[in-house]
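The values are calculated or read from the model by the stated rules, or taken from the named source; none is laboratory data. Everything quoted here is computed from the prediction, not taken from an experiment. Cβ sites come from the backbone with ideal geometry, for glycine too, and all protein chains shown count toward neighbours. These area figures cover heavy atoms from the full protein model, side chains too; ligands, DNA and RNA do not enter into them. Shrake-Rupley method; radii C 1.70, N 1.55, O 1.52, S 1.80 Å.
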Amino acid sequence: MADAMTFELVSPERKLASADAESVTIPGIAGDMTAMANHAPFLTTMRPGFVTVRNGGSEDQYFVTGGFAEISDNVISVLAEEAVEGSAVTAEYLDDHVAAAESALEEAGEDRKQAAQQRVNDFISLKSII
């Protein structure tokens, strides 16, 4: 087995995962990134998307609506706004999030419109991959 690191995923409701991992792919705000053991320390905000945890031959996916990911000392900590198991994500689930994001876009001030529109776009694009 390749070098392992610790992966932890926490949302406001609960700790969703804590496991050893060979690699973790994170939906960073500037694009997807994969972290492996001995990765340089890094902090990123996340956009809506799937966090993929690989260990040996297994792969687990979790859906996050945003939040932060920190990589340090062979530990990846994901602090999610909202997180669920990847299998729980359906078209209806995403439709609800698109509607909420569109409502937030309508209420956003000029300084937040671009970020709010990007969030709507992120949720809509995710519907094409489920």
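For segment 16-30, check the following and say yes or no: at least one residue is in contact with an Asp or Glu (Cβ under 6 Å, 6 or more places away or on another chain), touching a residue at least 40 places away in the same chain (Cβ under 8 Å) and open to solvent by less than 80 Å² (accessible area, probe 1.4 Å). Scanning segment 16-30 turns up no residue that is in contact with an Asp or Glu (Cβ under 6 Å, 6 or more places away or on another chain), touching a residue at least 40 places away in the same chain (Cβ under 8 Å) and open to solvent by less than 80 Å² (accessible area, probe 1.4 Å). When each of 105, 94 is tested for being open to solvent by 20 Å² or more (accessible area, probe 1.4 Å), modelled with pLDDT of 95 or more, hydrophobic (A, V, I, L, M, F, W, C) and part of a helix (DSSP H, G or I), the lone residue that passes is 105. Candidates in segment 96-130 are the residues that are in contact (Cβ under 8 Å) with a residue 24 or more places away in the chain and closer than 21 Å to residue 13 by Cβ; of these, the one that is farthest from the chain's Cα centre (by Cα) is 97.
In the set 38, 55, only one residue is polar (S, T, N, Q), open to solvent by 70 Å² or more (accessible area, probe 1.4 Å) and within 16 Å of residue 4 (Cα to Cα); that residue is 38.
Among the residues of segment 24-38, those that are of a type in the set (A, V, I, L, M) and either within 12 Å of the chain's Cα centre (by Cα) or farther than 12 Å from residue 51 by Cα (or both) comprise 24, 26, 29, 30, 33, 36, 37. One residue stands out in segment 58-75 among those that are charged (D, E, K, R) and modelled with pLDDT of 95 or more: the one that is most open to solvent (accessible area, probe 1.4 Å), namely 59.
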